[in-house]
Amino acid sequence: MRPARNPLPALALLLAASPYLAAASQEVQVRFVNDKLQVSAPGLHFLTGKPLEQLRNGASVSFDIQISILADSRQTVLLRSFDRFVLSYDVWEEKFSVARLRSASNSALHLSATAAEAWCVSRFQLLAAGLPADKPLWLRIDVRANEGRDRRLADAEPEDGFSLGSLIDLFGRTARPRAGTSQWRAESNSFQLAALKRPTQ
């Protein structure tokens, strides 16, 4: 009788070959804040691998983040929101700084890696108006690191060419990811707006 094969090495190879470095099973939380949907994803970590190495070597790295509300078993996109964040690393303090490009006054300093990741995701507040209240929905987070590619876009200020159109183009390519690209994805479980707790007034 042949001994049962250990499936873990094969699984590790499959995950290594996947262009997404984050699994859909990661924890994503959705809640109401002032009639908007606010997102948190404590299990999503994108300050890893090559982008983290570049940051620790003194380079700034930009991350494009897209958040989507999906319906019909994730087949229909009801709502999308995009943003770009530029991160840098202080080698002396061992802390991260992050700036949100679509809002010149929106930045944070002296953050741990986990806090910097959480800060980026928490900037998104999605309007719930128009979304079905009693239909199963999913929330998906896509993150893409700019590692030397698209440097003109990565370094540009909003008035110099950073636009919603450029992010749509980038995530259009993310929908057809290539191996070796640093990008991550996390999804929520299905939820209904009517079942989400609203903050007490």
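The values are calculated or read from the model by the stated rules, or taken from the named source; none is laboratory data. Keep in mind the model is a prediction, meaning the values are calculated, not measured. Heads up, the Cβs are rebuilt from the backbone with ideal geometry, glycines too, and the neighbour counts pull from every protein chain shown.
Yes or no, residue by residue, for (1) crowded, with 17+ Cβ neighbours inside 10 Å; (2) out of contact with any His (no Cβ under 8 Å at 6 or more places or on another chain); (3) at pLDDT below 95; (4) closer than 30 Å to Ala195 by Cβ:
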position: Arg80; (1), (2), (3), (4): yes, yes, no, yes
position: Glu94; (1), (2), (3), (4): no, yes, no, no
position: Asp142; (1), (2), (3), (4): yes, yes, no, yes
position: Asp155; (1), (2), (3), (4): no, yes, yes, no
position: Ile168; (1), (2), (3), (4): no, yes, yes, no
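The combined condition, being over 19 Å from Ser107 (Cα atoms), hydroxyl-bearing (Ser, Thr, Tyr) and surrounded by fewer than 17 Cβ atoms within 10 Å (Cβ to Cβ), is fulfilled by Ser73. Give the residues of region 115-148 that are farther than 12 Å from Ser68 by Cα and charged (D, E, K, R), sorted by residue number. Hits for region 115-148 are Glu117, Arg123, Asp134, Lys135, Arg144, Glu147. Of the residues making up region 41-54, none is assigned to a strand (DSSP E or B) and either out of contact with any Asp or Glu (no Cβ under 6 Å at 6 or more places or on another chain) or under 16 Å from Arg140 (Cα atoms) (or both).
Restricting region 18-43 to residues that are surrounded by 20 or more Cβ atoms within 10 Å (Cβ to Cβ) and within 11 Å of the chain's Cα centre (by Cα), the residue that is modelled with the lowest pLDDT is Ala22. Within region 98-127, the set of residues being in contact with an Asp or Glu (Cβ under 7 Å, 6 or more places away or on another chain) and part of a strand (DSSP E or B) comprises Arg100, His110. Would it be correct to say that Asp134 is among the acidic types (Asp, Glu), at pLDDT 70 or above and either assigned to a strand (DSSP E or B) or touching a Pro at 6+ places or on another chain (Cβ under 6 Å) (or both)? Judged against the criteria, Asp134 is not a match.
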